[in-house]
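Okay, so here's the structure we're looking at.
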Amino acid sequence: MTRLVFAGAALAALVSTAAIAQQGGDRPAPQPIARADVAGQVQAQFALADADHDGIVTQAEADALRGAPRTEGERPRRGGGFGRMGLRHFAEIDADHDGRLTPAEAQGAALTMFDRIDSNRDGIVTPDERRAAWQSMAEHRKHRSE
């Protein structure tokens, strides 16, 4: 269950857009996202996090990415990809608990969350499905804190 809370790049990419929309952010309206797109986002974020290009992301690399300065024009990392949400839950993504993330672990966690959010199982997560997931998570957090 804890691994499912992670959501990695998928959750961050999927639900952060719903949160921004609910807050009246100045970003464009959320668009549907395909499972293949999430897999590509995870791969790109993994490559960014893998500072030494050895095919493994360590906790130190994850921490460094979270604190890395952004370049001009780069969107804030709040909730986006490994830059925040995903690697904050490093231990939950690390399925074999060896202190290192592999691309398979990152993909598996992200796509598991995608599949949970994709309520009609069509391989596309719509803004409505993201919103429902966001609301469900908010309810879950509310009940945990009571």
Subject >> Using θ = phi - 60° and Karplus 6.51 cos²θ - 1.76 cosθ + 1.60, couplings along the range 126-140 (whole Hz; Gly, Pro as x) >> reply: 8, x, 5, 5, 4, 4, 4, 5, 4, 5, 5, 5, 4, 4, 4
Original post:
Among rounded, prolate and oblate, which fits the range 90-146 when a ≥ b ≥ c are the square roots of the eigenvalues of its C-alpha gyration tensor, a/c under 1.5 means rounded, and a/b larger than b/c means prolate?
Top reply: oblate
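Coordinate-derived values only; no laboratory data. None of these values were measured; they are calculated from a predicted model.
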